[in-house]
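Here is the structure we will look at, set down as structure tokens.
The values are calculated or read from the model by the stated rules, or taken from the named source; none is laboratory data. From a predicted model like this one, the values you see are computed outputs, not experimental measurements. Neighbour counts run over all protein chains shown; Cβ positions are idealised from the backbone, glycine included. Remember, those area values only see protein heavy atoms, side chains included, never the ligands or the DNA or RNA. Shrake-Rupley method; radii C 1.70, N 1.55, O 1.52, S 1.80 Å.
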Amino acid sequence: MRHLITGGSVLTGSGIEDLDVELIDGFVTRLETGIEPDGHQVIDASGSWVGPGFFDLHTHLREPGQEWKEDIASGMAAAIAGGFTAVVAMPNTDPVIDAGHLARQIARFAPIRVIPSGAISLGQQGSHLAHLDDLWAAGVRLFTDDGYTVADAGLLRRAMEYIAQLGGVVAQHAEDPGLCRNGHMHEGTVSSRLGITGLPSAGEEVIIARDLKLVELTGCRYHVQHASTAGTVELIRSAKRAGLPVTAEVTPHHLMLDHRQVESMDPVYKMYPPLRSPDDVDALRAGLVDGTIDAVGTDHAPHAAFEKDVTFEEAPRGVVGLETAASIVRAAVDLDQATFFERMAIAPAKVLGERSEPLAIGSSDVVVFDPEADWVFDRPRSKSANSPWLGQVLKGTVKQVFTRSGLVSAAEEGES
Amino acid sequence: MRDLLSVDDLDRAEIEDLLDLGDDFVEVLGRDVPKVPALRGKTIGLMFYEPSTRTRLSFDRAAKALSADVLTFTPGGSSVSKGESLKDTALTLQAMGPHLMVVRHKATGAPWRIRDWTGLPVVNAGDGAHQHPTQALLDLLTLRRHFGQVDGLRVAIVGDIRHSRVARSLAGSLQTMGASVTVVAPSTLLPIDTQSWGVASAAGIDEILGEVDVVYLLRIQTERGGGDVFPSVAEYVSRFGLTRDRADRLPDGAVVMHPGPMNRGVEIDPQVADGPRALVTHQVSNGIAVRMAVLFRLLTSEVPE
């Protein structure tokens, strides 16, 4: 199948260029001006940004074990709708992905890539190392106990030493269990008024500060998952200045929303880390702009409607994010096209140790994103719809997604 | 007024109106036949998901004194122990036809959820550590009946402020009514952000004894995590307990209040609890009257007769 994307603003190794892009069977074959259509399916990308497909470092696909929330197929459909051509599946499934045979069951190569991550500790219990070599051999490059924090510094040190030798990256969900016990939302003026026990910002920051010392000790590559506080941004900034091998991600919802949303007591706003203060949101946005925060990670966390249809404190944590990520990031932070693709596509892949580049001859994984076009998020492809933006008009529309499987999605006619 | 979910939703005039009505019902409750037909034919659902004696009995008594019927739901031995969700329980009770629901639940916001699910008027009878508006109203009624007005009173709330829905409800409504509020507690039991409450704070009960009109004592809520935040009960009493000696140092005319249940010998000395300054039993009886006022306002303005 031959496609010709015309009129778009294309991110290449030389920067942003107005080029036509020819793809054959999903691979870029020409990057030129004025390519004449010759049996191509022509895609008018006027006004759109064309670049590498988005790459999500933080997706909960819920398979195996919680398929009523999501499964790999529905999660891939949601990812495609959001312009993602690769997602990293978190290991907190049932069973936990703590061994190679489990990781191999998660991995997918079409229509988009699903890249398993592996647990740091067996069963995410925080006491013994997971089967790290076995996971590595199964293609796992990012190790995390996401959903939980590796609280034992001794265990984390050993994991870092081991994983550094393999060449992988240790990713941390930072939530000090002592400081955050029984917490349901950001500790601050809103939690104080609602009488809901809070998770203080320090609960995240003390873990990251400690872990950065372990990075100094072990030399292991370290990735901060879903950074949520101004203090975390500052810790990462100074660690990078000191030359430590540290990267970080931020979620779209932490870039857009703050703890005042919880005044509604609506469980859709319950997630960990919690929505923080407006000052934290400002710091996260600045961090994403200046590159202190390398990447957007959605923390796509599906929960069934009945599970969220309870009180705030009883509700499970998490929001879905794959389908709305590009729109929300676009609305929250004013990024130019090159930086937008850097944070959404290129840097996240590099965290995994992949070679990742702007479009070139031979590239696969291409997304056409119209930064100005509106769409309505009213038909989630995910099995779950726990999103603050359900039913809303969002600016920034994913138009087409190409992978090695060819054209895997196109915004439907009349759905603008 | 369609619901009573948070006392912060009420302005001063609305509170005064409910207190005026409360005065009327205090008079009704003093009659030989303490009952009026105002809500005859109405049914009031009482959903009490947390252990409660005085509040549940008080609402029950208030409803019956207005000639309403009562549907009482408590989770012990109910379908909740069989795994039924709050939503399904609320919808089940709704199907039995109540005109209003009174809800107590351990989670913040539960009464709001039940209002949204059922569309019924809801009275919050206590949600988590968040709000307990009829407690605040009965305390305001008690203060107004005792002092003549609430405006200008100096109130110290002493004890587990952080975990207290009573403190949250009172701190706001007392200020709405023109009183000044000081919260007194170990820093581990003060609100995370006392400033945002608009109240003063003190680090020991001795600091406020000489300049208060009302000492409002709260129990340590060990069930909400309040037990692990001071070294020992004896040390708590040494700095925050209202002992007889301390009660003697209160200004003439100052009163002592407690929403119950009391832990005698901890936050309050037994003799002080039974002494002349204590308004505790007035609080209980005024609670019935003020809940009658709330039910009357919600159900008679909702359906014109």
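Brief remarks on what is shown
- Flag for A:E17 being out of contact with any Lys or Arg (no Cβ under 6 Å at 6 or more places or on another chain), open to solvent by 70 Å² or more (accessible area, probe 1.4 Å) and over 30 Å from A:K383 (Cα atoms): no
- Of the residues making up the range A:182-213, those that are open to solvent by 20 Å² or more (accessible area, probe 1.4 Å), away from chain B (no Cβ under 14 Å) and among the aliphatic types (A, V, I, L, M) are A:V206, A:A209.
- In the range A:80-114, the qualifying residues are those that are among the small types (G, A, S) and open to solvent by 20 Å² or more (accessible area, probe 1.4 Å), and the one that is farthest from A:V368 (Cα to Cα) is A:A107.
- Per-region count, the range A:340-363, residues out of contact with any helix residue (DSSP H, G or I) (no Cβ under 8 Å at 6 or more places or on another chain), open to solvent by 20 Å² or more (accessible area, probe 1.4 Å) and not charged (D, E, K, R): 5
- Condition check for A:M256: in contact with a Lys or Arg (Cβ under 8 Å, 6 or more places away or on another chain) and among the aliphatic types (A, V, I, L, M): no
- A search for C-beta distances below 6 Å between a residue of the range A:288-309 that is within 14 Å of chain B (Cβ to nearest Cβ) and any residue that is open to solvent by less than 30 Å² (accessible area, probe 1.4 Å) and not in a loop (DSSP other than H, G, I, E, B), counting only pairs 6+ apart in sequence or on different chains, returns A:K308/A:P267.
- Of all residues making up the range A:168-181, the number that are open to solvent by 40 Å² or more (accessible area, probe 1.4 Å) and out of contact with any helix residue (DSSP H, G or I) (no Cβ under 7 Å at 6 or more places or on another chain): 3
- Here B:M262 meets the list (1) of a type in the set (A, V, I, L, M); (2) open to solvent by 50 Å² or more (accessible area, probe 1.4 Å); (3) in contact (Cβ under 8 Å) with a residue 60 or more places away in the chain almost entirely, failing just condition (3).
- Residue in the range B:39-58 that is touching a Lys or Arg at 6+ places or on another chain (Cβ under 8 Å) and over 29 Å from B:D20 (Cα atoms) present: yes
- Qualifying residue in the range B:206-219 (condition: under 23 Å from A:V190 (Cα atoms), without any contact (Cβ under 8 Å) to a residue 40 or more places away in the chain and either touching a strand residue (DSSP E or B) at 6+ places or on another chain (Cβ under 6 Å) or within 14 Å of chain A (Cβ to nearest Cβ) (or both)): no
Conditions tested, residue by residue: (1) polar (S, T, N, Q); (2) modelled with pLDDT under 95; (3) open to solvent by 50 Å² or more (accessible area, probe 1.4 Å).
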residue: B:G148; (1), (2), (3): no, no, yes
residue: B:L153; (1), (2), (3): no, no, no
residue: B:G159; (1), (2), (3): no, no, no
residue: B:H163; (1), (2), (3): no, yes, no
residue: B:S169; (1), (2), (3): yes, no, no
residue: B:E207; (1), (2), (3): no, no, yes
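- Among the residues of this structure, B:V181 counts as one that is away from every other protein chain (no Cβ under 14 Å) and touching a helix residue (DSSP H, G or I) at 6+ places or on another chain (Cβ under 6 Å).
- Looking at B:D69, B:D9, B:D3, just one residue is under 30 Å from B:Q221 (Cβ atoms) and in contact with a strand residue (DSSP E or B) (Cβ under 9 Å, 6 or more places away or on another chain), and that residue is B:D3.
- Residues of the range A:152-180 satisfying the condition of being within 30 Å of B:D228 (Cα to Cα) and part of a strand (DSSP E or B): A:Q172
- If you filter the range B:128-142 down to residues that are assigned to a helix (DSSP H, G or I) and not polar (S, T, N, Q), you find that the one that is nearest to B:S6 (Cα to Cα) is B:P133.
- Matching option when the condition is surrounded by fewer than 20 Cβ atoms within 10 Å (Cβ to Cβ) and part of a loop (DSSP other than H, G, I, E, B), among A:L275, A:L322, A:L335: A:L335
- Count of residues meeting criterion [open to solvent by 40 Å² or more (accessible area, probe 1.4 Å), at the interface with chain A (Cβ under 9 Å from one of its Cβ atoms) and part of a helix (DSSP H, G or I)] in the range B:80-111: 1
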